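This is the structure I want to talk about, given as structure tokens.
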């Protein structure tokens, strides 16, 4: 069998590590592989969104019952029934979308096999 | 005890404790009771937030090797050209 002539070399991880560790004077961060720009923005955006949701929901469910009902902060929160209804509705919507996606992919596969026959 | 048994026992225990307290087994002050009944939903939502934050953090700190990626892509192109020249269809 004739050798096809290329070989896959994905950048020896040991050499990447060595260049990273050996350049401590030159500034470590500039040599070590890092995430690309949009990846960092998207990732930190996800972290920020999850922190916002967590703090708002914690304040809603856990802190609000212990605050005097005449306080002004109650204006910023919906009635407590929504604290369960909104996540429940969101979960059901998620299940719906997952089911629709699976249906779509299965129908597309069936059509492909029918065309191939 | 198997893992499945553990995973069934712990939620059953916690769930029955929550149900008992919500339906009035102990005399809790009304503010405590107000904070208690949405607790399962609260745990689910905070678990989801934690998962989302972990995914976001890992995406933001992923170690990209752009040179290696470009080299790999060019090798893939080379391989496709070579194989299609020898008659393989993609």
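Starting from 0 in steps of 10 Å, tell me what percent of the Cα-Cα pairs of chain B lands in each bin.
Pairs per bin, as whole percents: 12, 19, 18, 15, 12, 12, 8, 3, 0.
Output the 0 to 90 degree angle, nearest 10, between the alpha-carbon long axis of helix B:39-60 and the longest principal axis computed from the alpha carbons of chain B.
The answer is roughly 20 degrees.
What average number of partner chain Cβ atoms lie no more than 10 Å from the Cβ of the residues making up B:6-19?
Other-chain Cβ atoms within 10 Å of each residue's Cβ, averaged: 0.
Same structure, new question: Would you mind pulling out the separation of the Cα centroids of the range B:12-52 and the range A:59-96, in Å?
About 14 Å separates the Cα centre of the range B:12-52 from the one of the range A:59-96.
Could you state the angle between the C-alpha long axis of helix B:3-22 and the longest principal axis of the C-alpha atoms of chain B, as a value from 0 to 90 degrees rounded to the nearest 10?
40 degrees
Other chains' Cβ within 10 Å of B:29-37 residues: what's the mean?
3
Let me ask you something else. In nanometres, what is the gap between the two model label sites at residue A:58 and residue A:78, each 7 Å from Cα along Cα-to-Cβ?
Reported label-point gap for residue A:58 and residue A:78 is 2.2 nm.
Multiply the residue separation of residue B:66 and residue B:90 by 0.36 nm, subtract the distance between their alpha-carbon atoms, and state the gained length in nm to one decimal.
Length gained, residue B:66 through residue B:90: 6.0 nm.
Put a dot 7 Å past each Cα toward the Cβ at residue A:38 and residue A:109; how far apart are the dots in nm?
Calculated label separation equals 2.9 nm.
Relative to the longest principal Cα axis of chain B, at what angle does helix B:66-85 sit, 0 to 90 degrees, rounded to 10?
It is inclined by approximately 50 degrees.
Label points 7 Å out from Cα along the Cβ direction at residue B:7 and residue B:23: separation in nm?
Going from the residue B:7 label point to the residue B:23 one covers 2.7 nm.
Values in this text are rule-based calculations from the coordinates and carry no lab data. What you see is a predicted model; the values in this text were computed from it and never measured. Note that we place each Cβ from the backbone using ideal geometry, even for glycine, and neighbour counts take in every protein chain shown.
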